[in-house]
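Shown next, in structure tokens, is the structure this report addresses.
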Amino acid sequence: MVKMPVFKDGQVLRFSLAARILHTVHLFAFLTLTYTGLSRMFPALHVLVGNNLVLEQTIHHIAAVLFIAIPAVEIVLFPKGAIEFLKELFSWDKDDTKWMIKFLPWLIRPQAVKLPPQGKEKAGQKFSAWIILAFSITIAISGVLMWAGQTVSPAITRWAVVVHDLSFVILLFFIIMHAYMGLLFPPTMKGITSMITGYVPESEAKHGWRKWYDEVKKEAGQA
């Protein structure tokens with residue numbers, strides 16, 4: 001795979017092509033699971049698959065396998081990147097605590113609140129990722145138990161359904177918030193370019209991920 005330059009035309013690289021492809025496939029799997037799962041709650045949605053419930057369930061199972069497999073594939077193919085991501089995800093310092101304290105005031109009046117400098121993952125991104133990771137695990141385990149059907153006890157199946165539905169609601173909320181911050185919230189929406197081209201403007205990197213930007217610049221010998 002061709003290595004992309006870290007700095008290019010006033011932009012800095014945040015995500016590789018492989019990371020963006022895996023993220024997109026994972027998102028597609030989740031959206032497919034969302035539609036097929038909601039169809040169970042709202043039968044009117046069955047019309048999109050011609051009311052073919054067997055086909056809908058098959059699509060749900062295929063998407064579920066993808067949803068579980070993508071993180072595993074990323075770890076196997078890109079272990080160094082996966083370790084670096086997890087290390088960053090579970091790191092926390094005083095600036096992260098300050099960021100979380102200021103988050104709600106900043107969300108209401110972004111021009112009036114100055115947030116502390118952040119690493120490659122902001123404190124809010126870390127917190128959101130923790131929730132998404134935790135409930136992705138619970139939705140996967142409960143889904144496997146539901147898929148197992150009569151091979152497990154009815155009591156386990158009933159609890160699996162409760163856990164599955166609750167996990168889905170929480171995941172959907174956090175993913176909608178993640179999408180809103182990336183696509184619609186003016187102070188952060190410029191960062192969406194990193195999921196399209198891999199790059200963000202240097203001005204955006206300085207503003208949103210100052211610690212990470214300074215570190216990347218130093219490694220590139222531009223400090």
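Rule-based calculations on the coordinates, nothing more; no lab input. Since we're looking at a predicted model, the values are computed, not measured. As a convention, Cβ positions derive from the backbone with ideal geometry for all residues, glycine included, and neighbour counts pool all protein chains shown.
Let's test the formula: R0 of 22 Å, r as the Cβ-Cβ distance of residue 73 and residue 27. What FRET efficiency results, to the nearest 0.05? It comes out at approximately 0.90.
In order along the range 43-51, phi translates into HN-Hα couplings of x, 4, 6, 4, 4, 5, 10, x, 6 Hz, rounded to whole numbers, per the Karplus curve 6.51 cos²θ - 1.76 cosθ + 1.60 with θ = phi - 60° and x for Gly and Pro. For the pair residue 111 and residue 180, a Förster radius of 25 Å applied to the C-beta separation gives a FRET efficiency near 0.85, rounded to the nearest 0.05. Summarising the amide proton neighbourhood of residue 12: residues at separation of 5 or more, or on other chains, whose placed amide H is nearer than 5 Å comprise 200, 202.
Taking a Cβ cut-off of under 12 Å around residue 210, the surrounding Lys, Arg, Asp and Glu residues balance to a net charge of +1, with basic ones at +1 and acidic ones at -1. Extension gain, residue 17 to residue 192: 0.36 nm times the residue separation minus the Cα-Cα distance gives 61.6 nm.
What number comes out for the charge environment of residue 197, summing +1 per Lys or Arg and -1 per Asp or Glu over other residues with Cβ under 10 Å away?
+3
Of all aspartates and glutamates in the structure, the ones whose alpha carbon falls short of 20 Å from that of residue 3, not counting any fewer than 8 places away in one chain, are 74, 84, 202, 215, 219.
Site pair residue 58 and residue 155 shows an inter-label distance of 3.6 nm when each label is modelled 7 Å from Cα along Cα→Cβ.
Per-residue extension of 0.36 nm, minus the Cα-Cα distance of residue 51 and residue 131, leaves a gain of 25.4 nm for this segment. Among 5-16, 207-218, the peptide with the highest mean count of other Cβ atoms within 10 Å heads the list, and the full ranking is 207-218, 5-16.
Diffusion coefficient (Stokes-Einstein, Kirkwood radius over C-alpha pairs, 10 °C, 1.306 mPa s) for the range 17-77: 129 µm²/s, rounded to a whole number.
The lysines within cross-link reach of residue 126, meaning a Cα-to-Cα straight distance under 16 Å and a gap of 8 or more places when in the same chain, are 87, 94, 98, 102, 211. Values (1) 19.6; (2) 23.6; (3) 18.7 are given for comparison; Kirkwood radius over Cα pairs in Å, derived from the coordinates here, is the one labelled (1). Over the chain, dividing the summed -39,500 (n - 2.57) contributions of all DSSP H runs of at least 4 residues by the number of residues returns a 222 nm mean residue ellipticity of -23000 deg cm²/dmol.
Projecting label points 7 angstrom from Cα along Cα→Cβ for residue 144 and residue 94 puts them 4.3 nm apart. Each peptide in 108-114, 177-183, 88-94 receives the mean, over its residues, of other Cβ atoms within 10 Å, and ordering these scores from highest gives 177-183, 88-94, 108-114.
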